[in-house]
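Read-outs throughout are calculated quantities, based only on the coordinates presented, and are distinct from any laboratory measurement. From a predicted model like this one, the values you see are computed outputs, not experimental measurements. Because the Cβ atoms are built from the backbone with ideal geometry, glycine has one as well, and the counts that use them run over all protein chains shown.
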Amino acid sequence: MNRTYRVMVIDDEESARKLMKAAIKWDELGMEVVGEAASGIEAINIIDDLRPDIAFVDISMPFMDGIEFTQTATARYPDLIIIIMTAIDQFEYARKCVSLPVFDYMLKPMVREEITKVLERAKDRLDKAKDFWEENQEDSDPDLAEENVTEAIKKYLEENFTDSTLNLAFIAQHFGFSSSYLSRKFKQDTGKKFVEYLNDLRMKKAIQYARSGVKMYLTASEVGIPDPNYFSRCFKKYTGMSYSDYH
């Protein structure tokens, strides 16, 4: 049975994300858009849950640009297919990505036929690839079941949650486990998904800053979510109210 490949669109322009989702006949390619992000910071926070096979990444974004995202993401997900989107006047800047494992570069505004051709090539690579996401998700090694690993990870997170590049893949690498194994073990031991636990730590600290009257953009940076728009959504989801209303 053929897999449906998972696609993520990372662009700070909402109109560009909507156009990308609407313009391509994803079903015919055997693909689906599983999520989107308005910045590299937001993408790093949600990529563990989305598990994309392909990511379209705008090179020019605030707080963490396309190059920084590509460096971080490909270090943790070496099989992730990155397609960089760039305007003509940013092309020299985009060449900084040459040393990175970027699958292709596309000039904005992008043409539907060109996007489809790139996706067909990406699908061909994914079809040929072995040991990709699906097998990683199935992978479980009972020999890795160290009793104190979850406590060690919780301690590490409490001391380092202000690092904006922290996510499950980073922690898995740091502690020498597969992401899929660690994801299951952490949820089993704590009752929470890894990203929920990390965001809880960040939001508890953010509440302290909010009560002290610290401006939102400063708090966002201090707790490891320097993209204030994404921080604002996280804060409202956690507390039920906006940052400015929280006293």
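Things worth noting here:
- The condition (being over 13 Å from D48 (Cα atoms), in contact with a Phe, Trp or Tyr (Cβ under 9 Å, 6 or more places away or on another chain) and among the aromatic types (F, W, Y)) is satisfied by just one residue among F161, F186: F186.
- Selection count, region 188-217, where residues are exposed (fewer than 15 other Cβ atoms within 10 Å of the Cβ) and of a type in the set (K, R): 4
Quick grid of which residues meet (1) of a type in the set (D, E, K, R); (2) surrounded by 19 or more Cβ atoms within 10 Å (Cβ to Cβ); (3) more than 20 Å from T116 (Cα to Cα):
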position	(1), (2), (3)
M8	no, yes, no
G30	no, no, no
I47	no, yes, yes
P52	no, yes, no
A75	no, no, yes
E92	yes, no, yes
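- Those residues of region 54-73 which are surrounded by fewer than 21 Cβ atoms within 10 Å (Cβ to Cβ) and of a type in the set (D, E), in sequence order: D65, E68
- Test: residue in region 26-46 that is out of contact with any helix residue (DSSP H, G or I) (no Cβ under 7 Å at 6 or more places or on another chain), farther than 24 Å from R202 by Cα and aromatic (F, W, Y): yes
- Pairs where the first residue, in region 178-192, is assigned to a loop (DSSP other than H, G, I, E, B) and the second is of a type outside the set (G, A, S), C-beta under 7 Å, 6+ apart: S178/N136; S178/D139
- Complete set of residues in region 197-247 that are assigned to a loop (DSSP other than H, G, I, E, B) and closer than 17 Å to S39 by Cα: V223, G224, I225, P226, D227
- Listed conditions (1) in contact (Cβ under 8 Å) with a residue 12 or more places away in the chain; (2) under 18 Å from the mean Cα position of the chain (by Cα) are all met by Y238, apart from (2).
- Residues (without any contact (Cβ under 8 Å) to a residue 60 or more places away in the chain and out of contact with any Phe, Trp or Tyr (no Cβ under 9 Å at 6 or more places or on another chain)) located in region 47-64: L50, F56, D58
- Filter pass, L166 being within 25 Å of Y77 (Cβ to Cβ), in contact with a Leu (Cβ under 7 Å, 6 or more places away or on another chain) and either without any contact (Cβ under 8 Å) to a residue 24 or more places away in the chain or in a loop (DSSP other than H, G, I, E, B) (or both): yes
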